[in-house]
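Asker: Sending over a structure as structure tokens; questions will come in a sec.
The values are calculated or read from the model by the stated rules, or taken from the named source; none is laboratory data. What you see is a predicted model; the values in this text were computed from it and never measured. Cβ coordinates were reconstructed from backbone atoms using ideal geometry, including for glycine residues, and neighbour counts include every protein chain displayed.
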Amino acid sequence: MTTATTLTETTSITTITTTTTITTTTTSITTTTTTATTATTATTATTATTATTATTTTTVTTTTTATTATTVTTTTATTTTTTSGSGCYFGEDYVNLVDGGQRAIKNLLVGDRIWTLSSDGRHLIDDEIILMLHAEPKTIIPFYTFITQEGHSISLSGSHNILVVANREEKTQIIRASKVTLNHRLIIASRTVGLKKIEYSQRTGFYSPLTRTSYLLVNNISTSVFVDSFHATHDTLHRVFAPIRMYYYITRWFYSDSYNPFETNIKEGLHPLAVFILKNDIPIRLFFIILPHLQRSMFIFIALYLSRQLFFYGKNHFYFYFY
């Protein structure tokens with residue numbers, strides 16, 4: 001399972017505009033010429049001088065308009081989480097061992113005998129870890145954490161399947177964790193329990209074990225070991241892994257109970273078997289879609305063949321009886 005983050009930065013800059021308007025200074029000077037008139041008579045001399053004051057007027061008008069703009073930078077981060085591969089349990093959650101005690105999912109090994117619940121939640125089953133399909137102890141992914149009204153809790157990736165019962169209903173459903181609401185009840189031993197809270201958070205370390213029954217009792221809550229990513233039902237996926245279970249049983253019986261038929265306990269990454277299934281998802285899906293039709297066709301063919309044989313047997317027997 002891989003988580004990728006894409007960061008998109010958008011910068012918006014508003015231009016600073018400054019406008020300055022200057023009105024030209026106009027100087028107006030008015031000058032009046034002084035005129036002197038002199039009149040002379042024999043006895044009297046009269047001098048008249050008329051002067052007009054010079055007036056200077058100066059007008060200066062300055063208009064300044066300034067527009068101040070603020071530069072704004074906006075950064076938008078978009079996180080895209082891509083989930084691929086198998087479904088995931090949080091590594092710190094635990095399972096109950098048949099021999100007593102508990103063990104964290106991150107520490108499970110092939111051959112560990114664990115308790116699981118039947119599909120109806122009424123019976124404990126002595127189950128076994130067949131292999132670890134996927135392990136990523138250092139990877140951070142989002143988890144849904146379901147907290148019940150009685151204090152139980154479990155963390156699953158969004159695509160992982162879990163057994164629930166809708167309120168006011170009795171039918172058990174298997175749905176992906178991201179679709180669980182407070183209107184659902186989770187299944188624990190012999191009963192169901194309501195949900196108090198659902199949390200969504202990032203956690204480190206996820207694991208995907210495969211069991212003999214395809215169920216797993218985690219923190220005393222019943223779950224499916226499969227995911228909804230393949231768009232196939234729990235029962236269909238259980239049939240897909242039937243050859244793996246058969247191979248596991250035969251080799252363990254032939255060699256010993258300590259023999260690991262799949263060579264390795266995966267500590268990190270995808271098991272080669274999981275890689276094969278992912279690469280051949282479409283052919284495997286088509287095979288199991290066609291299989292029910294093939295089974296019906298084979299049944300009809302065998303029925304017709306046996307009917308024909310019985311018909312001819314009865315006819316010949318009748319013929320020899322009279323002749």
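Asker: So how many residues does the stretch 97-153 have that are among the charged types (D, E, K, R), farther than 27 Å from residue 250 by Cβ and not in a loop (DSSP other than H, G, I, E, B)?
Answerer: 3
Asker: Only one residue in 154, 198, 221, 141 is at pLDDT 95 or above, under 24 Å from the mean Cα position of the chain (by Cα) and surrounded by fewer than 21 Cβ atoms within 10 Å (Cβ to Cβ). Which one?
Answerer: 198
Asker: What are the residues in the stretch 96-138 that are exposed (fewer than 15 other Cβ atoms within 10 Å of the Cβ), of a type in the set (Asp, Glu) and modelled with pLDDT of 90 or more, if any?
Answerer: 99, 126
Asker: Only one of 201, 190, 153 is within 26 Å of residue 132 (Cα to Cα) and in contact (Cβ under 8 Å) with a residue 60 or more places away in the chain; which?
Answerer: 153
Asker: Follow-up. How many residues are over 29 Å from the mean Cα position of the chain (by Cα) and not polar (S, T, N, Q) when one looks only at the stretch 95-113?
Answerer: The qualifying residues number 8.
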